[in-house]
Amino acid sequence: MTTTASWFSTGLAARTSSSTVVVGGSSVAYWTYEPADPVPETRTVLVAHGFRGDHHGLLRVADQLPGLRIIMPDLPGFGSSAAFASSSHDVSAYGRFISGFMAALGLGTDTVLLGHSFGSIVAAHFVAANPGAVERLILINPIAAPALEGPKGLMTRMAVLYYQLSARLPERLGLALLRNPLIVRIMSETMAKTRDPDLRRFIHGQHHAYFSAFADRNSLLESFRASVGSHVGEAAGELKLPVLLIAGELDEIAQLKDQYRLLAKLPDATLKIIPGVGHLVHYETPQAAAAFINDFLTGPAA
């Protein structure tokens, strides 16, 4: 059996540093992955992870991009970051967090913003509301269409009931339901498309370790509602900067047909499709995703 360390390069730890910063009254943990060989023109990429994840989910992608400076916070309410101190966990609040985080770290308009899954919604709406704030936008497994419509609508409504029930039960029972290892495993088994048994074990281990690291039930329910109540397509027409979409051929959450529709709405976008993978591009095919990102960032500036 391969170990977790086997899925990362030996040089990743040397590139890594961690810190905290207070944004909007909340303590936020973040990790910086410095370039292996920094040069004056090194790009900085700010990453927004997906729902119920934290910075660990994008680690394999960061590992494949040693020429970039990558900054990955745990979004408020997830991982090691506190929930928002005085606002609900909606898309607008997460957009304000991106603004505050960038200001706190002194990140300028030459920053590249990357969002995965729910992070794609946050990133797209932030860019639409703050034109010129970042130079380019990368969306991995972007949520391109309404989650409550189409074939997946029934499953989404069932998930809404699950999170609502978990928030209404007595705290101990509600947390036990949210963190139930069988439910987490079913989710993980459903999303993983690889047939490599070692990689599947790694993915399940990652979900088991980090999927339940949330601040509290109420903030989780609020952020879930945000994740299914908004989508990238709402902001597409306002995204005037170069955009890279990276989609999984077998993605059942962010379906391929919706990626083509999103592409048609974007003024300046490229769609790259990775075959044989679903919603876990960041775990299953980080090399392919990183190659597309490198190509995108070496193209001419807008």
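The values are calculated or read from the model by the stated rules, or taken from the named source; none is laboratory data. Keep in mind that this is a model prediction, so the values were computed, not measured. Counting neighbours? That spans all protein chains shown, and the Cβs are built from the backbone with ideal geometry, glycine included.
So the values come out like this:
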quantity: Of the criteria (1) under 20 Å from residue 155 (Cβ atoms); (2) crowded, with 17+ Cβ neighbours inside 10 Å; (3) among the acidic types (Asp, Glu), which one residue 252 fails; calculated: (2)
quantity: The one condition in (1) surrounded by fewer than 24 Cβ atoms within 10 Å (Cβ to Cβ); (2) in contact with a Lys or Arg (Cβ under 7 Å, 6 or more places away or on another chain) that residue 144 fails to fulfil; calculated: (1)
quantity: Where a residue in the range 73-102 is closer than 19 Å to residue 221 by Cβ and free of Cβ contacts under 8 Å to residues at least 24 places away in the same chain and its partner, wherever it lies, is surrounded by 17 or more Cβ atoms within 10 Å (Cβ to Cβ) and aromatic (Phe, Trp, Tyr), with Cβ under 9 Å and at least six apart; calculated: 93/84
quantity: Qualifying residue in the range 44-65 (condition: in contact with a Ser or Thr (Cβ under 7 Å, 6 or more places away or on another chain), of a type in the set (A, V, I, L, M) and surrounded by 20 or more Cβ atoms within 10 Å (Cβ to Cβ)); calculated: yes
quantity: Residue ID - surrounded by the fewest Cβ atoms within 10 Å (Cβ to Cβ), chosen from residues in the range 191-204 that are assigned to a helix (DSSP H, G or I) and within 18 Å of the chain's Cα centre (by Cα); calculated: 204
quantity: Sole exception among (1) buried (at least 21 other Cβ atoms within 10 Å of the Cβ); (2) more than 20 Å from residue 246 (Cβ to Cβ) for residue 112, by number; calculated: (2)
quantity: Matching residues in the range 16-30 - criterion: being modelled with pLDDT under 95 and either within 12 Å of residue 71 (Cβ to Cβ) or in contact with a Lys or Arg (Cβ under 9 Å, 6 or more places away or on another chain) (or both); calculated: 24
quantity: Residue match in the range 209-230 (condition: of a type in the set (Val, Ile, Thr) and modelled with pLDDT of 95 or more); calculated: no
quantity: Test: residue in the range 217-240 that is under 22 Å from residue 62 (Cβ atoms), in contact with a His (Cβ under 7 Å, 6 or more places away or on another chain) and either buried (at least 16 other Cβ atoms within 10 Å of the Cβ) or among the hydroxyl-bearing types (Ser, Thr, Tyr) (or both); calculated: no
quantity: In the range 73-109, residue surrounded by the most Cβ atoms within 10 Å (Cβ to Cβ) [restricted to those that are in contact with a Phe, Trp or Tyr (Cβ under 9 Å, 6 or more places away or on another chain) and among the charged types (D, E, K, R)]; calculated: 74
quantity: Members of the range 75-110 found to be in a helix (DSSP H, G or I), under 15 Å from the mean Cα position of the chain (by Cα) and small (Gly, Ala, Ser), listed by number; calculated: 95
quantity: Whichever residue in the range 124-141 is part of a helix (DSSP H, G or I) and either out of contact with any His (no Cβ under 9 Å at 6 or more places or on another chain) or at pLDDT below 95 (or both) and, among such residues, is surrounded by the fewest Cβ atoms within 10 Å (Cβ to Cβ); calculated: 129
quantity: Members of the range 237-266 that are assigned to a helix (DSSP H, G or I), acidic (Asp, Glu) and farther than 14 Å from residue 124 by Cα; calculated: 258
quantity: Selected residue (only one of 172, 201 is modelled with pLDDT under 95 and not hydrophobic (A, V, I, L, M, F, W, C)); calculated: 172
quantity: Looking only at the range 267-290, and only at residues there that are touching a strand residue (DSSP E or B) at 6+ places or on another chain (Cβ under 9 Å) and in a helix (DSSP H, G or I), the one that is nearest to residue 59 (Cα to Cα); calculated: 282
